[in-house]
């Protein structure tokens, strides 16, 4: 049996690896927010595990499909983080008057990942006159 492994464009591998490191960092941020005092805190390690397949695929073969999934998840994370930080749901802080540092870190990481996905999408578009 033969396995087909998608091949990324040459310059895409470095960009994918940067994104993979950001995704892994996001997973660490989620683990650091684990807390047994709330349902949201209990879900943080689960969300961290959910990040790992994207990190793996971005590291190994950052194809357009992988970038598309990453961008969709990042957009969703930004929406959820922004909603929660605005006070529309589970607490994103522990006794502070506003969102904690880790919540801001998550928002920044998701934004950076989304920006890299956009950059990868632009880089994947063939330029006029090239094949």
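Values in this text are rule-based calculations from the coordinates and carry no lab data. Since the model is a prediction, treat every value here as computed from it, not as a measurement. Ideal geometry is used to build each Cβ from the backbone, glycine not excepted, and the neighbour counts take in all protein chains shown.
Fully extending the segment from residue 60 to residue 35 would add 5.8 nm, taking 0.36 nm per residue of separation and subtracting the current Cα-Cα distance.
Modelled spin labels at residue 72 and residue 125, positioned 7 Å past Cα toward Cβ, are 2.1 nm from each other. For residue 21 and residue 79, a Förster radius of 25 Å and the Cβ-Cβ distance give a FRET efficiency of 0.60, rounded to the nearest 0.05.
Model label sites at residue 112 and residue 52, defined 7 Å from Cα along the beta-carbon direction, differ in position by 2.2 nm.
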